[in-house]
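The values are calculated or read from the model by the stated rules, or taken from the named source; none is laboratory data. Remember, predicted model here, so these are calculated numbers, not experimental data. Note that each Cβ is placed from the backbone with ideal geometry, even for glycine, and that neighbours are counted across all protein chains shown. Keep in mind that these areas ignore ligands, DNA and RNA; they rest on the heavy atoms of the full protein, side chains included. Shrake-Rupley method; radii C 1.70, N 1.55, O 1.52, S 1.80 Å.
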Amino acid sequence: SRLLIGHVRKKSRVWKSRLSLYIQPSLGSCSVIMSTRRHSAHQSTGQSPQTKRKKRNGLLERLAEGPVVSDGSYCFVLERRGYVKSGYWTPEAVLEHSHAVTGLHKEFARAGADVTQAFTFAGSEDKLAAHGNTAAADFGVDNINSEACRLAWEIADQYGTLVAAGLSPTPSYREGKGKAAVQREFRAQTNIFAKHDVDFMIVEFFGHLEEMLWAIEVCRDMRKPIAASMCIGPEGDNDGNTPGQCAVAMARAGVDVVGVNCMFDPSTSLKTMKLMKEALSEAGLKTYLMCQPMAYHTPDVNKFGLAAAPEYPFGSRFG
């Protein structure tokens with residue numbers, strides 16, 4: 001991860017100003033992220049999300065100045081540390097083991113991350129109740145997502161990072177429950193994110209363009225910058241849409257940053273990004289790009305990435 005981020009910092013100029021990257025090395029321990037921006041750490045102010053904070057540059061202003069580096073991989077890093085349940089990978093650790101989540105936030109911030117992501121991945125109510133998971137009944141979607149935002153702000157107030165909250169795929173979509181049901185799941189989260197006044201939204205890990213567009217539609221109601229990344233490689237999404245078609249559709253849906261994340265290594269992800277950039281240029285669309293690759297190579301997988309490898313998930317762990 002350190003080499004990847006260092007390379008991006010040094011080489012980002014070749015992508016021109018509109019290709020400033022938002023980076024999140026996924027599925028690996030990323031506490032060695034390097035950043036050229038210095039943070040001035042101070043004691044937590046104890047501010048609530050509703051408290052008025054000192055005005056600072058947001059995501060788009062920072063991207064206009066250069067690359068923005070994020071944290072990431074909360075599910076798998078915390079699972080490897082014993083705080084997230086294997087197989088579920090849901091975020092109730094924000095309530096059960098808040099010290100572990102806060103500690104990882106701080107590790108990333110001290111390493112130089114520009115963004116602190118609230119641990120809301122897989123935080124929809126249907127996901128929290130899927131496959132026998134009792135997190136929804138035990139803790140509730142409101143409590144989990146609210147505490148995730150509070151913990152993120154606690155570190156952001158100390159280190160000057162941006163706070164991002166995220167949406168991810170829902171079981172409701174896989175079960176064919178339709179747009180209204182899926183968007184109800186998303187809104188149950190975004191209503192909480194809006195109350196906590198997060199700086200921007202991340203819409204990530206989507207393998208179906210249709211569900212991605214439904215999520216973007218909900219996020220637009222928040223009137224916050226949106227970074228949208230699909231979990232795809234050069235062959236496109238699960239429904240046959242090419243990377244270029246996905247990028248154009250997301251840009252036209254109103255997002256500020258488009259890209260790919262997870263399941264593929266840096267080399268493969270950059271090939272996908274090239275296809276996206278070419279399609280956006282041909283369509284006359286301007287947007288920032290983001291790349292959230294895995295922190296190790298996955299050369300022997302098909303269009304579904306690491307998830308298609310026989311070693312996934314438990315045999316793919318690194319010590």
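Go through the residues of segment 103-117 one by one and say whether even a single one is without any contact (Cβ under 8 Å) to a residue 12 or more places away in the chain and surrounded by fewer than 22 Cβ atoms within 10 Å (Cβ to Cβ). Yes; the residues of segment 103-117 include at least one that is without any contact (Cβ under 8 Å) to a residue 12 or more places away in the chain and surrounded by fewer than 22 Cβ atoms within 10 Å (Cβ to Cβ).
Exactly one residue out of Glu211, Glu235 is closer than 22 Å to Gly123 by Cβ and among the charged types (D, E, K, R): that is Glu211. If you check Arg184, Arg174 for being open to solvent by 40 Å² or more (accessible area, probe 1.4 Å), farther than 22 Å from Met263 by Cβ and not aliphatic (A, V, I, L, M), only one passes: Arg184. Counting only helices (runs of 4 or more DSSP H) wholly contained in segment 33-141, the ones carrying 3 or more residues that are closer than 25 Å to Pro293 by Cβ and at pLDDT 95 or above occupy 59-65, 98-111.
Report, by residue number, each residue of segment 121-156 that is open to solvent by 50 Å² or more (accessible area, probe 1.4 Å) and within 15 Å of Arg187 (Cβ to Cβ). Hits for segment 121-156 are Glu125, Asp142.
Scanning segment 79-94 for residues that are in contact (Cβ under 8 Å) with a residue 12 or more places away in the chain and under 18 Å from Lys127 (Cα atoms) yields a total of 11. Condition check for Gln189 on (1) on the phi > 0 side of the Ramachandran plot; (2) buried (at least 23 other Cβ atoms within 10 Å of the Cβ): one failure, at (1).
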